[in-house]
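All remarks here apply to the structure that follows.
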Amino acid sequence: MITISPNLISEIVSGIVSLDDIMVDFNPPFFQKDRTSPENKGRIKGARSLQEQLSALVILDDYCHQKLQIEKDLDPLSISKYRQQLTFFCNWLGERDPSTELATLFLAELRQQGYSRASIRSYYAAIRPFLKWRGIEFKLKLKKIKRLPHYHTKDEFDRLIQAIAQRQDTWAAKNKERDILIVKTLAYTGLRRSELLALNCQDIKKGFLFVYSGKGERDRVIPLIESLNAQLAEYISKNHLAPADRLFSIGPNRLARMVREAAARAGLNDITPHELRHFFATMLVERGAELRKVQELLGHEDISSTAIYLDVVPGHLRKTVELLEDE
């Protein structure tokens, strides 16, 4: 096995240094096949024995259950994604015990294989807490990727609502009112999808929406605009929902499909439940809301995550460029 310093591998992951620039015989153990003998044909180098694989799976299952499900209370989709990525990493380790150097090398190999920086950051986000749980500190400085959220106007939002309202099939007759209210709740509260799906009726009190154990275990309170508050109260009463009942009885996949299909009918091809959270933030920033208050409403830990909306609606830049206008 080759040895590369963690600093050098970090540069590889960030794209500062190419693996081609390193004068070593680099032969990745997981991505390369060993075809030197008939019995090993197609076998992954470093592959674990059945007993070792089972042991690794038990450790991984314990981590997903104890840490991700019980302690962090992540939604099932997030847990499934982390499990898939960590299983890939554990299989790559083969017979080797995890370490900071091996984890860094794994990310470097992903980079060499053409994985995007976003994918590598996603794997890093899964691997780092897993190693910490096993008593291994793992920290890399990866280059941040700046991607602006899509900008959607109030007119586009109204078209989305209209597309749901105009649906005439059997499903719409039963769920049209609920689906419209779901879209409005996402757009006027900035909730994440998992937060919306976790809402109970009792989480709405006196014109406020209480979000418990949001991302990063952060609770927050979101004021409701009067029209939405009234519609939610009417919906709860009309459907005879008890305080402990889920506000919206819908699964994550069905929710995503509902929004996607409505957006397609409205001629909008880039609206998802999370894009409605961006709509909430951009509308507030565009109308002059203080960034700190938007951060609090969104539940962002770092204000730099909120500041990106200044680039989506860069009014401050327009005023700067207007200085070039002839008087």
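The values are calculated or read from the model by the stated rules, or taken from the named source; none is laboratory data. What you see is a predicted model; the values in this text were computed from it and never measured. Note: ideal-geometry Cβ built from the backbone for every residue, glycine included; neighbour counts use all protein chains shown.
Being touching a residue at least 12 places away in the same chain (Cβ under 8 Å) and among the basic types (K, R) is a property that K132 lacks. Per the conditions (1) modelled with pLDDT of 60 or more; (2) in a helix (DSSP H, G or I), the sole criterion not satisfied by L74 is (2). Considering only residues of region 262-280 that are farther than 26 Å from N200 by Cβ and free of Cβ contacts under 8 Å to residues at least 60 places away in the same chain, which is surrounded by the most Cβ atoms within 10 Å (Cβ to Cβ)? Checked region 262-280; the qualifying residue surrounded by the most Cβ atoms within 10 Å (Cβ to Cβ) is A264. Of the helices (runs of 4 or more DSSP H) lying entirely inside region 269-327, the ones with 1 or more residues being assigned by TED's automatic domain parsing to the domain that holds D219 and at pLDDT below 80 are found at 303-312, 315-321.
Across region 219-261, the qualifying residues are those that are assigned to a helix (DSSP H, G or I) and of a type in the set (V, I, T), and the one among them that is surrounded by the fewest Cβ atoms within 10 Å (Cβ to Cβ) is I236. The helices (runs of 4 or more DSSP H) located wholly in region 141-208 that include 3 or more residues which are surrounded by 15 or more Cβ atoms within 10 Å (Cβ to Cβ) and hydrophobic (A, V, I, L, M, F, W, C) occupy 154-165, 170-189. Scanning region 89-127 for residues that are without any contact (Cβ under 8 Å) to a residue 12 or more places away in the chain and closer than 16 Å to C64 by Cβ gives a single hit, A125.
Here C201 meets each of (1) at pLDDT 95 or above; (2) out of contact with any Pro (no Cβ under 9 Å at 6 or more places or on another chain) with one exception, condition (2).
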